[in-house]
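In what follows, a structure is listed as structure tokens, so that the remarks can point back to it.
The values are calculated or read from the model by the stated rules, or taken from the named source; none is laboratory data. Fair warning: this is a prediction, and the values are worked out from it, not measured in the lab. Here the Cβ positions follow ideal geometry from the backbone for every residue, glycine too, while neighbour counts run over all protein chains shown.
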Protein chains: 4
Amino acid sequence: MKPVCLVIGAGAGIGGTVGKRFAQENYHAVLCRRSNEEGLANLVLQIKEEGGDASGFLLNAVDEGSIEERIVAVEAEIGPIEVLVFNLGAQIGNRTLEETSNKVFELGWRMATFALFRAASTLFPLMEKRGKGTILVTSSTAAVRGNAQQHSHAAAMGGRRMLCQSLSAEYASKGIHVAHIVIDGSVDAPDTLGKMLGAEKFQQLREEKGMEHDGLMLPEKIAETYLHLHKQHRSVWTHELDLRAYSDLAWWNH
Amino acid sequence: MKPVCLVIGAGAGIGGTVGKRFAQENYHAVLCRRSNEEGLANLVLQIKEEGGDASGFLLNAVDEGSIEERIVAVEAEIGPIEVLVFNLGAQIGNRTLEETSNKVFELGWRMATFALFRAASTLFPLMEKRGKGTILVTSSTAAVRGNAQQHSHAAAMGGRRMLCQSLSAEYASKGIHVAHIVIDGSVDAPDTLGKMLGAEKFQQLREEKGMEHDGLMLPEKIAETYLHLHKQHRSVWTHELDLRAYSDLAWWNH
Amino acid sequence: MKPVCLVIGAGAGIGGTVGKRFAQENYHAVLCRRSNEEGLANLVLQIKEEGGDASGFLLNAVDEGSIEERIVAVEAEIGPIEVLVFNLGAQIGNRTLEETSNKVFELGWRMATFALFRAASTLFPLMEKRGKGTILVTSSTAAVRGNAQQHSHAAAMGGRRMLCQSLSAEYASKGIHVAHIVIDGSVDAPDTLGKMLGAEKFQQLREEKGMEHDGLMLPEKIAETYLHLHKQHRSVWTHELDLRAYSDLAWWNH
Amino acid sequence: MKPVCLVIGAGAGIGGTVGKRFAQENYHAVLCRRSNEEGLANLVLQIKEEGGDASGFLLNAVDEGSIEERIVAVEAEIGPIEVLVFNLGAQIGNRTLEETSNKVFELGWRMATFALFRAASTLFPLMEKRGKGTILVTSSTAAVRGNAQQHSHAAAMGGRRMLCQSLSAEYASKGIHVAHIVIDGSVDAPDTLGKMLGAEKFQQLREEKGMEHDGLMLPEKIAETYLHLHKQHRSVWTHELDLRAYSDLAWWNH
């Protein structure tokens, strides 16, 4: 039985690509996303065609019990989860304070902070029994500094970062590796950036900054670092790192 | 008509004492706390006996609309709020991940993060019209680093810190001063530390570390810094500072 | 005998103004600067005309023994130094790596880092015997994040910040208050900003951003916060704070 | 001709081991260290016996021109330096302020900060012409927070960290990858930790915490992360990460 890499937030960007990469390393990739059943099925199919194992599930992470039940079912039916890739974002674009409703603010927290807490609460006791496990948390610039029009996003990601530090402080010595990965730039991902910008603007951005310019972060290259983090020997674990395109300034410089 | 200093979380520690200090500076102190009507009435009475103006209201900050309605009522009935002291904590003592229920985790966020968002959403547009205002946010070590058994607290305070940065980025240039005050140590406060430890242990701690040793942070001394922050000229605003007893190590050293 | 406030780096900006402010609080202001004997004499005269006590000394802080001898002489001839305002900068404007000579890089360190170490090495043992003392260190954005063309400045200030934390960790419990003040913006100071820009550009900047716009940091307002830091009760000391004009973005937002 | 990986500070711990790892990846490892010619020769021999290419040079990094001349000579005689591993530490054990002489304080800076500046000043223009290059800088906890008895070390490493950020801000877009690696724990290295503790205590520590406990950081495992950083695609570079044993608390938790 293959060990499982469970991806929560498995779109066509970082999440799905990391899942695919772990499948190539002989993990059973369990891919969960909220919508787009067809996209999910295609991703599973691609992995299988490459000779890997994969399963796909639609999952609305903010629904009560949704993540918890999925984790229990995967453990029972597919195998022990060795790696959790937590890839839910809470980016909703720029909104002034007055444009940010209570509902939107709460939703950001439910997705980026509370869902991670629920996942860890369910999975960490299982990993602890096995004495090992990895959780790779995709994060963003908003986790390390707030900004205008980022009230919901920054509050959610900032809470998440402190949660990751808390989880690591409690569970690292029990063999669970928690890594907080600060994605400090734009990812070449049609499902997230593409949707936010619209098809035309996204293509324009790709031509100007991405493609051979390498100024958009490539998911398959990001996946290499996710894999490396998981493979780190337990005497040398990384808790936090940043990732950005060589041509971008770091967040502290702009 | 006196300008108003509204304190949310006005117990016998930082909140009430800061309110009293602003009353001495000719503000009408509006003190809100969740419970202990008698303690609240005493605080209001003390301020009045000193010749100041004060009003007290019981307020459950996590109740929908509670903060919003109080702000609107204060503005209508007492006067424009020039200073908001946001002093709600979310410290629940040490709890392992397994001991932290979803409900507790959510409550921490509702008090420390969401309540601040709701307060700012209601008050900032009013302050913006007046071209000025100050919000002094009491924060804690957990806002800058997570720790074992601090999952709920750290996630809530970390989110709050990023929210404060976001609010400041959007509103400072409109004349609203947002200050995030990291209380990095134990406060000599019967309502919070006293309750957490119990009367006997608290008294013991006071005798060993507090009192003439000055190793517990004194609320009336903290209040001087709150007042100073409010009085800073707009060409030299502080967004964040730390406070700790001289005899304590900084959070980054222990 | 009045207690002494020794200012190292007492030009017409922060240093001299802070010295003047402490003189108003009944300190003997001892003002040291590298050059401009006339400016120094004028500053001393102003303080005396206001009824304060002041002395002025030319001092090249990078000269071996210069700071050490001055501290010893002040203690012997004027009085115990209760407050040290360490206000030496190392800003040399923007220079690419290739434009930054070894000599310039070293000079930055000698002024901003090594001179502080030498001052603390000489003064802290004296303050320790008296069980009290304050050192207020003027710092800058470059202490918390590097940037292009800031190699010398950032390396010097970054080292200084870590030195301040080290000094505080070792001496706070002995009664010495170390405060690191991050000046995150342009100060309305003819001696530093004025010299760097030239008279004409400086005046233009003052008219566009400073003066009634309050977008340049006013030294006399900065001085209020320096004074407040010194006056903080030892149960509630601040180690680090930032200062910037309300109309400026924080360093983490640009 | 093989590309060169130049290691400055190539002892039996991180430096030499990283050099060896790059040699396995088909780099010519050029190993420089201050002393122990025999140890250096052995290391070179080991690499050659494994089929790799290596050269060794004694080099006192603080000597004027030493690093500069070595870089020029390597480029002329061995090949273009693609990777620089800058592994000079400045740890001198715990020393109070009074025990820290001016000379010791300066030496720390000369090794940890100035030597890096000199290396970058010499090498970056060459790398810039080639449009690529990597510099991997071994750093330590002292770079991110000062502590008692760490005056020299923290000031040197803190300056170094800000220098790394400055170098990256100026050169990343020119194709030079600067990575700052925070080693937050004890490395299982006889040359550094072993010398600091003495043979007996070091062996005791290894038995209690290291070996099968994996509580001491293993240089050959650290080397994997150094290699990974170098191999990162330029669309996804890491500037900073931390490394520590799973059983150690992060610096912000102790």
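Within the range D:1-21, does at least one residue satisfy the condition of being more than 17 Å from the chain's Cα centre (by Cα), within 25 Å of D:LYS195 (Cα to Cα) and surrounded by fewer than 16 Cβ atoms within 10 Å (Cβ to Cβ)?
No.
With A:GLY39, A:GLY51 as the choices, which residue is assigned to a loop (DSSP other than H, G, I, E, B), over 16 Å from the mean Cα position of the chain (by Cα) and farther than 30 Å from B:PRO125 by Cα?
Details: A:GLY39 fails: assigned to a loop (DSSP other than H, G, I, E, B).
One residue alone meets the criteria, A:GLY51.
Consider A:VAL83 carefully, then state whether it is at pLDDT 95 or above, closer than 19 Å to A:ILE135 by Cα and not in a loop (DSSP other than H, G, I, E, B).
On the way: at pLDDT 95 or above: yes; closer than 19 Å to A:ILE135 by Cα: yes; not in a loop (DSSP other than H, G, I, E, B): yes.
Against the criterion (at pLDDT 95 or above, closer than 19 Å to A:ILE135 by Cα and not in a loop (DSSP other than H, G, I, E, B)), A:VAL83 qualifies.
Going through B:ALA142, B:ALA119 one at a time, which residue ends up being touching a residue at least 12 places away in the same chain (Cβ under 8 Å), of a type in the set (Gly, Ala, Ser) and closer than 24 Å to B:LYS231 by Cβ? Break it down stepwise before answering.
On the way: B:ALA142 fails: closer than 24 Å to B:LYS231 by Cβ.
Exactly one of B:ALA142, B:ALA119 is touching a residue at least 12 places away in the same chain (Cβ under 8 Å), of a type in the set (Gly, Ala, Ser) and closer than 24 Å to B:LYS231 by Cβ, namely B:ALA119.
Does at least one position in the range D:238-246 carry a residue that is small (Gly, Ala, Ser), more than 21 Å from the chain's Cα centre (by Cα) and at pLDDT 90 or above? Full working, then the answer.
Let us first name the residues in the range D:238-246 that are small (Gly, Ala, Ser), namely D:245.
Now restrict to residues that are more than 21 Å from the chain's Cα centre (by Cα): none.
No.
Table: residues versus (1) in contact (Cβ under 8 Å) with a residue 60 or more places away in the chain; (2) in contact with a Gly (Cβ under 8 Å, 6 or more places away or on another chain); (3) closer than 25 Å to C:THR225 by Cβ.
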site	(1), (2), (3)
B:VAL182	yes, no, yes
B:LYS195	no, no, no
B:LYS201	no, no, no
B:GLN204	no, no, no
B:MET211	no, no, no
B:ASP214	no, no, yes
B:ALA223	yes, no, yes
B:LEU229	yes, no, yes
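I'm checking my understanding of the structure. Among residues of the range D:163-177 that are of a type outside the set (Ser, Thr, Tyr) and touching a strand residue (DSSP E or B) at 6+ places or on another chain (Cβ under 6 Å), which one is farthest from D:LYS129 (Cα to Cα)? Working first, answer last.
Step one: of the range D:163-177, the residues of a type outside the set (Ser, Thr, Tyr) are D:163-165, D:167, D:169-170, D:172, D:174-177.
Then keep just the ones that are touching a strand residue (DSSP E or B) at 6+ places or on another chain (Cβ under 6 Å); that gives D:164, D:167, D:176-177.
Details: D:CYS164: 20, D:LEU167: 16, D:ILE176: 10, D:HIS177: 14 Å.
Across the range D:163-177, the extreme among qualifying residues is D:CYS164.
Each row is one residue, and each column tells you yes or no for (1) farther than 22 Å from C:THR17 by Cα; (2) touching an Asp or Glu at 6+ places or on another chain (Cβ under 8 Å); (3) among the aromatic types (Phe, Trp, Tyr); (4) at pLDDT below 95.
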| residue | (1), (2), (3), (4) |
| --- | --- |
| C:LEU116 | no, no, no, no |
| C:ILE135 | no, no, no, no |
| C:SER139 | no, no, no, no |
| C:ALA154 | yes, no, no, no |
| C:LEU167 | yes, no, no, no |
| C:HIS180 | no, yes, no, no |
| C:PRO190 | no, no, no, yes |
| C:MET196 | no, no, no, yes |
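Return the residues of the range D:209-232 that are touching a Phe, Trp or Tyr at 6+ places or on another chain (Cβ under 8 Å) and of a type in the set (Asp, Glu); say none if nothing qualifies.
Result: D:ASP214, single match.
Return a yes/no flag: does the range D:96-115 have any residue that is over 25 Å from C:ARG118 (Cβ atoms) and assigned to a loop (DSSP other than H, G, I, E, B). If you could, list the steps in order and put the result at the bottom.
Taking the range D:96-115 and keeping what is over 25 Å from C:ARG118 (Cβ atoms), we get none.
Within the range D:96-115, none of the residues are over 25 Å from C:ARG118 (Cβ atoms) and assigned to a loop (DSSP other than H, G, I, E, B).
Read through the list (1) farther than 21 Å from D:TYR171 by Cβ; (2) in contact with a strand residue (DSSP E or B) (Cβ under 6 Å, 6 or more places away or on another chain), then give the number of the only condition that A:LYS195 fails.
Every condition holds for A:LYS195 apart from (2).
State yes or no: is A:SER247 at the interface with another protein chain (Cβ under 8 Å from one of its Cβ atoms), without any contact (Cβ under 8 Å) to a residue 60 or more places away in the chain, among the small types (Gly, Ala, Ser) and surrounded by fewer than 21 Cβ atoms within 10 Å (Cβ to Cβ)? Can you show your working first?
Details: at the interface with another protein chain (Cβ under 8 Å from one of its Cβ atoms): yes; without any contact (Cβ under 8 Å) to a residue 60 or more places away in the chain: yes; among the small types (Gly, Ala, Ser): yes; surrounded by fewer than 21 Cβ atoms within 10 Å (Cβ to Cβ): yes.
Against the criterion (at the interface with another protein chain (Cβ under 8 Å from one of its Cβ atoms), without any contact (Cβ under 8 Å) to a residue 60 or more places away in the chain, among the small types (Gly, Ala, Ser) and surrounded by fewer than 21 Cβ atoms within 10 Å (Cβ to Cβ)), A:SER247 qualifies.
Hey, among the residues in the range B:108-148 that are within 11 Å of chain A (Cβ to nearest Cβ), touching a Lys or Arg at 6+ places or on another chain (Cβ under 8 Å) and of a type in the set (Gly, Ala, Ser), which one's surrounded by the most Cβ atoms within 10 Å (Cβ to Cβ)?
For the range B:108-148, the residue satisfying everything is B:ALA112.
Residue by residue through the range A:74-105, note down the ones that are within 22 Å of A:ARG33 (Cβ to Cβ) and acidic (Asp, Glu).
Listed by number, the residues that qualify are A:GLU75, A:GLU77, A:GLU82.
From the list A:GLU25, A:GLU37, A:GLU106, A:GLU49, exactly one residue is among the acidic types (Asp, Glu) and over 25 Å from A:ALA189 (Cβ atoms). Which is it?
Working: A:GLU25 fails: over 25 Å from A:ALA189 (Cβ atoms); A:GLU37 fails: over 25 Å from A:ALA189 (Cβ atoms); A:GLU49 fails: over 25 Å from A:ALA189 (Cβ atoms).
Only one candidate passes the filter, namely A:GLU106.
Pick from the range B:200-233 the residues that are within 7 Å of another protein chain (Cβ to nearest Cβ) and among the polar types (S, T, N, Q): which of them is surrounded by the most Cβ atoms within 10 Å (Cβ to Cβ)?
By that ranking, first place goes to B:THR225.
Just to verify a result, which residue in the range C:227-243, among those that are assigned to a strand (DSSP E or B) and of a type in the set (A, V, I, L, M, F, W, C), is farthest from C:SER140 (Cα to Cα)?
To start, the set of residues in the range C:227-243 that are assigned to a strand (DSSP E or B) comprises C:237, C:240-243.
Right, trim to of a type in the set (A, V, I, L, M, F, W, C) and you get C:237, C:241, C:243.
Details: C:TRP237: 20, C:LEU241: 11, C:LEU243: 9 Å.
Taking the candidates together, the pick is C:TRP237.
Considering only residues of the range B:149-177 that are touching a residue at least 60 places away in the same chain (Cβ under 8 Å) and among the aliphatic types (A, V, I, L, M), which is nearest to the other protein chains (Cβ to nearest Cβ)?
Checking each candidate, the answer is B:ALA172.
For the range B:69-103, which residues satisfy the criterion of being at negative phi and surrounded by fewer than 16 Cβ atoms within 10 Å (Cβ to Cβ)?
B:GLU69, B:VAL72, B:ALA73, B:ALA76, B:GLU77, B:ASN94, B:THR96, B:GLU98, B:GLU99, B:SER101, B:ASN102, B:LYS103
Report whether or not A:ASP191 is of a type outside the set (Val, Ile, Thr), under 26 Å from D:LYS132 (Cβ atoms) and away from chain B (no Cβ under 14 Å).
Numbers: of a type outside the set (Val, Ile, Thr): yes; under 26 Å from D:LYS132 (Cβ atoms): no; away from chain B (no Cβ under 14 Å): yes.
So A:ASP191 fails the test.
Got a sec? Which of A:ASN102, A:ASN94 is within 14 Å of another protein chain (Cβ to nearest Cβ), at pLDDT below 95 and over 16 Å from the mean Cα position of the chain (by Cα)?
Numbers: A:ASN102 fails: at pLDDT below 95.
Checking each option against the conditions leaves just A:ASN94.
Tell me which of these C:CYS32 doesn't satisfy, since it passes every other one: (1) without any contact (Cβ under 8 Å) to a residue 60 or more places away in the chain; (2) part of a loop (DSSP other than H, G, I, E, B).
(2)
So, in the range B:149-159, exactly how many residues are buried (at least 24 other Cβ atoms within 10 Å of the Cβ) and assigned to a loop (DSSP other than H, G, I, E, B)? First the steps, then the outcome.
To start, the set of residues in the range B:149-159 that are buried (at least 24 other Cβ atoms within 10 Å of the Cβ) comprises B:150-159.
With the extra rule that they be assigned to a loop (DSSP other than H, G, I, E, B), the set shrinks to none.
Total meeting the criteria: 0.
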